[in-house]
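Read-outs: derived from the displayed coordinates by stated rules, not from any lab. Because the structure is predicted, anything quoted here is derived from the model rather than measured. Glycine gets a Cβ as well: all are built from the backbone with ideal geometry, and neighbour counts include every protein chain shown.
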Amino acid sequence: MSGDVQSVQGMDSIQDVAERHLCAGCGVCAFLEPAAIHMVDDLDRGRRPVVEKRHESGLGLQACPGLRLDQPPAPTGADLSLRPGWGNVLAVWEGHSSDPEIRLAGSSGGAATALALWSIEDAKMDGVVHIRAQPSQPVLNETTFSSDRDALLAATGSRYSPASPGDGLQSLVDAPKGGIFIGKPCDVAGASAAAKLVPNLEESLKLTVAIFCAGAPSTNATLDYIAQLGGPLPKELQALRYRGHGWPGMFRAAGHDGASVVRTYAESWGVIQAKRPWRCRICPDHTGELADISVGDPWYREPGEGEAGSSLIVARTERGRQAVEAAMAAGFLDCKPVPHDLLPASQPGLLTVRASVFGRLLAMSLQGIPTPSFRGFSLFRLWLTKLSLRRKLGSIFGTVPRLRRWGIHQAREVQSGRVQSSAPEGNSTHSTP
């Protein structure tokens with residue numbers, strides 16, 4: 001096995017990708033092949049494709065980020081010292097939305113929303129493809145196309161639950177003046193790959209923005225957590241926020257009767273992150289290396305008491321750098337340049353996570369489990385140089401029993417579930433037909 005996994009064994013259909021635990025849930029395949037593929041909520045695994053193989057063309061497979069990720073070549077001006085562990089970095093800023101309401105509502109400083117608003121109001125694009133909570137069932141997400149401030153504001157705040165914004169890319173194809181796409185790193189990777197296959201999308205996709213991501217817990221992770229806290233049943237859930245309204249904000253599940261359960265962001269994430277799907281655990285890109293711009297928390301410092309929030313903004317491409325500078329000049333972003341090394345300082349654990357991916361992939365290969373192709377991410381080099389001997393061995397031999405325990409060695413059909421309208425207290429809050 002080489003330092004970068006080159007082959008993808010036995011993956012002849014998007015269905016194979018989903019059943020062999022490699023699906024990232026981005027939804028791009030459903031956009032590319034709407035007659036053959038549609039997305040459903042698998043409450044234990046995430047947003048997943050259901051495939052009519054007889055109508056599948058293979059276009060979705062070509063763009064699938066769960067199956068294949070290639071690190072982009074280094075553009076002129078990239079910080080080569082950071083590239084092996086953090087991808088292309090052209091510029092880094094710390095700052096926030098100049099709109100106080102957007103800044104407060106955002107998960108950190110509202111930078112992604114500020115860029116979206118700039119694209120509509122100043123750059124005169126048609127809108128933004130992103131996600132929001134489903135109004136009728138806020139534990140679930142839906143893809144939306146926003147074209148004004150009110151719609152953007154209603155969708156602020158990170159959603160630590162499955163989403164598939166790639167299934168809404170047709171909105172950009174249909175937009176005469178184009179727009180931007182906001183999603184997780186895997187979502188952006190899929191959208192960028194799709195743009196190479198669909199000329200109209202490549203022309204309409206003016207900018208991509210990725211949100212730093214440590215993985216997307218399952219829907220059941222949130223439902224079970226709310227139940228553990230004695231919170232509202234799914235049929236009673238009126239609003240759900242994972243954070244925001246201050247930095248980093250609070251997890252809050254509110255019922256129609258006004259009662260709610262509230263926990264800190266750290267408490268809630270510490271519980272629900274245990275139920276991330278396997279593909280998230282072997283992801284080499286948690287900071288949006290394939291985007292034009294990536295945005296996350298400046299965790300190199302502790303948030304101040306009552307702080308409204310601040311974002312770390314990373315330009316990955318020249319197009320991204322120009323967009324940030326234009327948004328600043330137009331008064332949508334209030335930012336200042338900061339040293340590039342604040343990126344690794346803000347995500348101190350991610351380099352170890354990335355370095356462990358090689359060992360986990362090797363463990364999969366040793367058990368005959370298909371592995372995705374990750375090219376250009378320096379995985380072997382990082383595994384060799386950034387991990388202690390104990391961590392090296394653990395990344396391989398600690399993974400082997402997990403693969404068996406979690407059923408990764410076996411194919412599993414996508415199970416379309418629904419959130420129950422009611423559930424007895426203490427029982428499961430989901431069902432699968």
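Here are the numbers for the structure shown:
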quantity: Estimated FRET transfer efficiency when R0 is 51 angstrom, pair LEU366-ARG319 (beta carbons, to 0.05); calculated: 0.80
quantity: Translational diffusion of the range 259-329, µm² s⁻¹ [Kirkwood Rh, Cα pairs; Stokes-Einstein; 10 °C; 1.306 mPa s]; calculated: 104 µm²/s
quantity: Ranked list, fewest to most other Cβ atoms within 10 Å of each Cβ, for ARG404, ARG279; calculated: ARG404, ARG279
quantity: Ascending count of other beta-carbon atoms within 10 Å, so fewest first, for HIS256, HIS409, HIS286; calculated: HIS256, HIS409, HIS286
quantity: Most positive-pole-ward Cα, GLY304, LEU82, ALA189, against dipole of the chain from beta carbon charges; calculated: LEU82
quantity: Charge dipole magnitude, Cβ of K and R +1, D and E -1 - the chain, Cα centre, debye nearest 20; calculated: 1640 debye
quantity: Value in Å of the Kirkwood radius, where the range 96-135 supplies the Cα pairs that are averaged; calculated: 10.7 Å
quantity: Selection of GluC sites (Glu not before Pro), the range 282-390, meeting DSSP coil and at most 15 other Cβ within 10 Å; calculated: GLU305, GLU307
quantity: Fraction of alpha-carbon pairs over 28 Å apart in the chain - percent; calculated: 47 percent
quantity: FRET efficiency, 1/(1 + (r/R0)^6) with R0 30 Å, evaluated for THR264 and ARG149 via beta carbons; calculated: 0.55
quantity: The range 210-362 - Debye-derived log10 I(q)/I(0), Cα point model, q = 0.09, 0.18, 0.19 Å⁻¹; calculated: -0.38, -1.19, -1.25
quantity: Kirkwood-type radius of the range 48-133, with distances r between different C-alpha atoms, in Å; calculated: 17.0 Å
quantity: At 1.002 mPa s and 20 °C, Stokes D of the range 1-90 from Kirkwood alpha-carbon radius, µm² per second; calculated: 145 µm²/s
quantity: Burial ordering of THR76, THR219, THR317, fewest other beta-carbon atoms within 10 Å first; calculated: THR76, THR317, THR219
quantity: Ratio Rg/Rh, restricted to the range 165-232 and using Cα atoms, in which Rh is the Kirkwood radius; calculated: 1.19
quantity: Intensity falloff of the range 345-389 expressed as log10 I(q)/I(0), Debye formula with alpha-carbon point scatterers, at q = 0.14, 0.18, 0.26 Å⁻¹; calculated: -0.35, -0.56, -0.97
quantity: Whole-Å semi-axes of the range 95-215's equivalent ellipsoid (Cα gyration tensor); calculated: 21, 17, 13
quantity: Neighbourhood charge, 10 Å Cβ-Cβ cut-off, centred on LEU117 and excluding it, Lys, Arg +1 and Asp, Glu -1; calculated: -3
